[in-house]
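Worksheet for the structure shown next.
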Amino acid sequence: MSTDTSRTDRTDRLADIDGYRVGLYVAIGLLVAFFLTPIESGFVTSLKTDAAVGNTAPYLPPLFGGFSIANYVTAVEVLARGMGNSLLFAVPATLLSALLGSFAAYGLTLVDWKYQVPILVLFVAGVFIPYQAVLVPLSRLYSIVNVADLLWFVWAYTPVSVQYADLVELTVTHIAYGIPICTVLFRSYYTSMSTEMMEAARLDGASIRRVYRRIVFPLSTPMFAVVLIYQFTQIWNDLLFALVIVSTGSSPAAPVTLKLAGLGASLEGLDFGLRMAGAFVAALPTLLVYIAFGDEFAEGVAS
Amino acid sequence: MAQLSLDHLTKVFTDDDGSDIVAVDDVTVNIEDGEFLVLVGPSGCGKSTTLRMVAGLETVTSGDIRLGEESIADQKPQDRDIAMVFQSYALYPHMTVRENMSFGLEESTDMSDDEIHERVEDAADLLGIPELLGRKPGELSGGQRQRVALGRAIVRDPEVFLMDEPLSNLDAKLRSQMRTELQRLQEDLDTTTMYVTHDQTEAMTMGDRIAVLDAGELQQAGTPLECYHRPANRFVAGFIGEPSMNFFDATVEGDRLITDAFDYPLTEEMREAVDGANGVTLGIRPEDIEVAADDSPTGGDEFGTTVDVVEPMGNENAVYLGFDEDPTDTFVATVGGMRRIDAGERVVACFPSDAIHLFDDASGDALHNRSLADAEDAGAEPRV
């Protein structure tokens with residue numbers, strides 16, 4: 001009896017396969033290959049010796065000799081300090097831009113006062129400022145506001161070297177340029193919050209600050225996950241501001257992106273295996289952040 | 001003492017194009033200490049705006065709101081000693097029921113944690129929800145959320161409760177149950193209450209007094225039975241009561257009212273009342289129309305009609321009747337549920353003269369209301 005049913009099931013399923021479905025799966029398969037081939041090639045290349053990189057096709061794994069993890073050892077050695085430096089400014093810049101963006105969005109959305117719209121327009125305009133347009137003003141600004149001089153006591157009384165002033169500048173810059181997009185993201189989330197709930201909290205006697213602290217902030221967790229992941233990835237991967245503010249990969253305060261740019265490049269040519277290994281090592285923290293906030297991220301994107 | 005007075009209260013919204021919209025127009029009403037006042041009207045009549053002005057969520061354009069002797073019109077919402085129950089309940093979804101109920105006390109008083117704990121427990125017992133204290137709003141049914149929303153207002157022990165259509169999100173059965181419960185609760189707590197609804201049944205059954213609003217203006221404030229039997233104008237007469245009162249446009253000619261379909265003889269008293277009025281509207285409630293199953297109207301207040309549609313309700317039948325002159329223009333009468341009446345049947349409808357209301361066409365004001373002589377003879381409140 002049960003064999004009968006399973007047999008009919010199988011016939012039904014086979015009957016379902018028509019030209020359309022075959023075409024669909026082929027198309028999906030090709031798209032998957034199209035997206036994954038570069039990553040796969042990068043990964044297998046990073047595991048090859050220099051000689052194997054030259055001798056084998058880029059997408060073939062090093063199955064027949066030429067396998068090596070030396071690239072990763074070297075990459076970690078070279079990039080470790082850069083990654084530490086990047087964390088030093090990426091973490092505070094991410095947290096502060098998210099928090100300030102959330103404050104701004106709360107003030108512009110759930111608190112009622114005049115002229116909110118023109119101010120919101122300024123924030124939205126901020127999202128669309130191309131970074132290239134601000135590079136010169138930015139370097140002018142930091143030559144006028146000399147952070148190294150302002151914070152002289154840090155370099156004088158602690159073992160921190162004066163080059164780390166650049167990281168303070170990077171932090172401030174990333175916060176400033178992160179706030180508009182964070183505000184817009186939080187605002188879209190806050191406009192969907194119940195106004196009756198806000199009014200209930202006000203009637204319950206909570207001040208504007210307390211409403212944020214006790215109602216809005218705890219309910220913002222999913223959006224914080226989205227914004228933290230987005231901002232961390234942006235800031236961690238940024239090369240442009242790092243080039244302008246820190247300028248050289250040889251600085252002790254150079255972020256990982258600057259170090260990565262110079263990795264495996266020499267007069268003899270490019271060491272592809274090493275560069276690929278470096279890329280994967282440098283991408284690791286953003287991956288970890290994504291995994292850590294993944295559930296909340298999904299919830300935040302859905303809402 | 002917490003008597004709430006609205007004194008010539010007016011709210012004007014300015015539209016984006018600069019035009020003014022009068023949402024609440026010169027509303028004056030007093031709510032005695034401990035009284036349950038229901039503010040009722042069709043949607044957009046300004047009842048919610050009035051409530052929100054009392055709560056402090058909308059500014060007052062002109063007029064005053066006084067709690068006792070003190071004007072609260074310019075106070076911040078949190079300083080007014082008022083608690084509000086919202087239509088959507090507006091519970092804080094990330095907090096447990098206990099935290100939801102404690103929130104107001106934590107924010108607005110300097111009570112110790114023990115006192116707050118005790119107040120919350122007492123309120124939860126009163127509402128029969130002590131077992132829900134540890135749960136979050138997402139885990140509760142609509143009726144339970146409703147209770148928590150009430151509990152959140154009750155723990156604060158305010159001078160005034162404001163309720164904005166608190167029962168409209170419940171299903172019909174639960175709604176009538178909560179209606180009774182809310183009334184009992186309000187009597188127990190003896191807190192001045194202002195309750196907004198568009199549902200005339202809620203208004204009739206719950207209010208000590210009801211205030212009927214239309215287009216921002218107060219039409220009538222009185223006990224439910226006053227509004228039912230002695231409506232101040234045609235709007236109140238039509239809004240209160242289900243099915244609605246029947247209206248017939250008429251002109252006065254001597255001692256008769258002439259309508260498109262019938263002539264109606266006026267009594268001496270009615271003739272005095274309509275003296276000087278050009279057009280009047282005759283109103284009669286469906287339950288006052290006497291329907292007799294024969295086809296021989298005697299003239300006077302009896303008319304020959306044909307049954308158009310019958311809506312059986314179980315306890316009564318709503319019968320739609322058409323006059324011979326114009327069968328498409330029907331009016332409604334209610335008869336006992338056990339009585340059998342079929343569509344197409346010929347019946348005689350009688351409009352007893354003591355049940356007739358007359359309204360002035362120009363102003364809509366009531367010129368003559370039905371006689372309550374029978375009820376007054378019995379020495380009791382008139383019963384519906």
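Only one of the listed residues (B:LEU225, B:LEU162, B:LEU170, B:LEU150) is buried (at least 18 other Cβ atoms within 10 Å of the Cβ), in contact (Cβ under 8 Å) with a residue 24 or more places away in the chain, in a helix (DSSP H, G or I) and of a type outside the set (D, E, K, R). That residue is B:LEU150.
Here's the yes/no breakdown for (1) of a type outside the set (Gly, Ala, Ser); (2) assigned to a strand (DSSP E or B); (3) open to solvent by 30 Å² or more (accessible area, probe 1.4 Å); (4) in contact (Cβ under 8 Å) with a residue 40 or more places away in the chain:
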{"residue": "B:VAL280", "(1), (2), (3), (4)": "yes, yes, no, yes"}
{"residue": "B:VAL319", "(1), (2), (3), (4)": "yes, yes, no, no"}
{"residue": "B:PHE331", "(1), (2), (3), (4)": "yes, yes, no, yes"}
{"residue": "B:ILE341", "(1), (2), (3), (4)": "yes, no, no, yes"}
{"residue": "B:GLY344", "(1), (2), (3), (4)": "no, no, yes, no"}
{"residue": "B:ASP354", "(1), (2), (3), (4)": "yes, no, yes, no"}
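Within the set A:ALA104, A:ALA90, the sole residue that is in contact with a Cys (Cβ under 9 Å, 6 or more places away or on another chain), more than 24 Å from A:ASP271 (Cβ to Cβ) and in contact (Cβ under 8 Å) with a residue 60 or more places away in the chain turns out to be A:ALA104. Here the condition is being open to solvent by 50 Å² or more (accessible area, probe 1.4 Å), more than 29 Å from B:GLY104 (Cα to Cα) and more than 10 Å from chain B (Cβ to nearest Cβ); of A:LEU228, A:LEU239, A:LEU167, A:LEU185, it holds for A:LEU239 alone. Regarding A:GLY278, is this residue open to solvent by less than 40 Å² (accessible area, probe 1.4 Å), of a type outside the set (Phe, Trp, Tyr) and in contact with an Asp or Glu (Cβ under 6 Å, 6 or more places away or on another chain)? So A:GLY278 does not fit the description; no. Among the candidates A:LEU30, A:LEU79, the residue that is open to solvent by 60 Å² or more (accessible area, probe 1.4 Å) and either at pLDDT 90 or above or over 30 Å from A:PRO252 (Cβ atoms) (or both) is uniquely A:LEU30. Beta carbons closer than 7 Å, at least 6 apart along the sequence or on distinct chains, pair a first residue in segment B:46-58 that is modelled with pLDDT of 90 or more with a second that is in a helix (DSSP H, G or I) for B:ALA55/A:LEU203; B:ALA55/B:PRO77; B:GLY56/B:PRO77; B:LEU57/A:GLU199; B:LEU57/B:PRO77; B:GLU58/B:THR49; B:GLU58/B:ARG52. Looking across segment B:36-76 at every residue that is within 14 Å of chain A (Cβ to nearest Cβ) and more than 26 Å from B:ASP199 (Cβ to Cβ), the one that is least open to solvent (accessible area, probe 1.4 Å) is identified as B:ILE72. Consider segment B:244-253 and keep the residues that are open to solvent by less than 60 Å² (accessible area, probe 1.4 Å) and farther than 18 Å from B:THR328 by Cβ. The one that is farthest from the chain's Cα centre (by Cα) is B:VAL252. Taken together, B:GLU107, B:GLU121, B:GLU131, B:GLU115 contain a single residue that is outside any loop (DSSP other than H, G, I, E, B), under 20 Å from B:ASP79 (Cα atoms), in the same structural domain as B:CYS45 (by TED's automatic domain parsing) and over 27 Å from the mean Cα position of the chain (by Cα), which is B:GLU107.
State whether the residues of segment A:124-138 include one that is under 20 Å from A:TYR212 (Cα atoms), touching a helix residue (DSSP H, G or I) at 6+ places or on another chain (Cβ under 8 Å) and open to solvent by 70 Å² or more (accessible area, probe 1.4 Å). No, segment A:124-138 has no match at all.
Every residue, every condition in (1) over 21 Å from the mean Cα position of the chain (by Cα); (2) among the charged types (D, E, K, R); (3) buried (at least 21 other Cβ atoms within 10 Å of the Cβ); (4) away from chain B (no Cβ under 14 Å), yes or no:
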site	(1), (2), (3), (4)
A:HIS174	no, no, yes, yes
A:ILE179	no, no, yes, yes
A:ALA200	yes, no, yes, no
A:GLN234	no, no, no, yes
A:VAL244	no, no, no, yes
A:SER250	yes, no, no, yes
A:SER266	yes, no, no, yes
A:LEU270	yes, no, no, yes
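Of everything in segment B:77-92, what is open to solvent by 10 Å² or more (accessible area, probe 1.4 Å), assigned to a loop (DSSP other than H, G, I, E, B) and more than 7 Å from chain A (Cβ to nearest Cβ)? Give them in sequence order. Passing the criteria: B:ASP81, B:GLN87, B:TYR89, B:LEU91. For A:SER46, the conditions (1) of a type in the set (Gly, Ala, Ser); (2) closer than 15 Å to A:THR173 by Cβ; (3) surrounded by 17 or more Cβ atoms within 10 Å (Cβ to Cβ) all hold with the exception of (2). Scanning segment A:202-225 for residues that are at the interface with chain B (Cβ under 7 Å from one of its Cβ atoms) and in contact (Cβ under 8 Å) with a residue 12 or more places away in the chain yields A:ILE215, A:LEU219.
Within segment B:93-116, the set of residues being more than 9 Å from chain A (Cβ to nearest Cβ) and either in contact (Cβ under 8 Å) with a residue 12 or more places away in the chain or open to solvent by less than 10 Å² (accessible area, probe 1.4 Å) (or both) comprises B:THR96, B:VAL97, B:ARG98, B:ASN100, B:MET101, B:SER102, B:ILE116.
Among the residues of segment B:43-76, what is the count of those that are in contact with a Pro (Cβ under 8 Å, 6 or more places away or on another chain) and more than 16 Å from B:PRO158 (Cα to Cα)?
Qualifying residue count, segment B:43-76: 1.
So is A:MET193 in a loop (DSSP other than H, G, I, E, B) and open to solvent by less than 50 Å² (accessible area, probe 1.4 Å) or not? Answer is yes for this residue. B:PRO166 passes all but one of (1) modelled with pLDDT of 90 or more; (2) more than 15 Å from the chain's Cα centre (by Cα); (3) not β-branched (Val, Ile, Thr); which number fails? Only one criterion is unmet by B:PRO166, namely (2).
The values are calculated or read from the model by the stated rules, or taken from the named source; none is laboratory data. Small disclaimer: the values here were computed from a predicted structure and weren't measured. Counting neighbours? That spans all protein chains shown, and the Cβs are built from the backbone with ideal geometry, glycine included. Remember, those area values only see protein heavy atoms, side chains included, never the ligands or the DNA or RNA. Shrake-Rupley method; radii C 1.70, N 1.55, O 1.52, S 1.80 Å.
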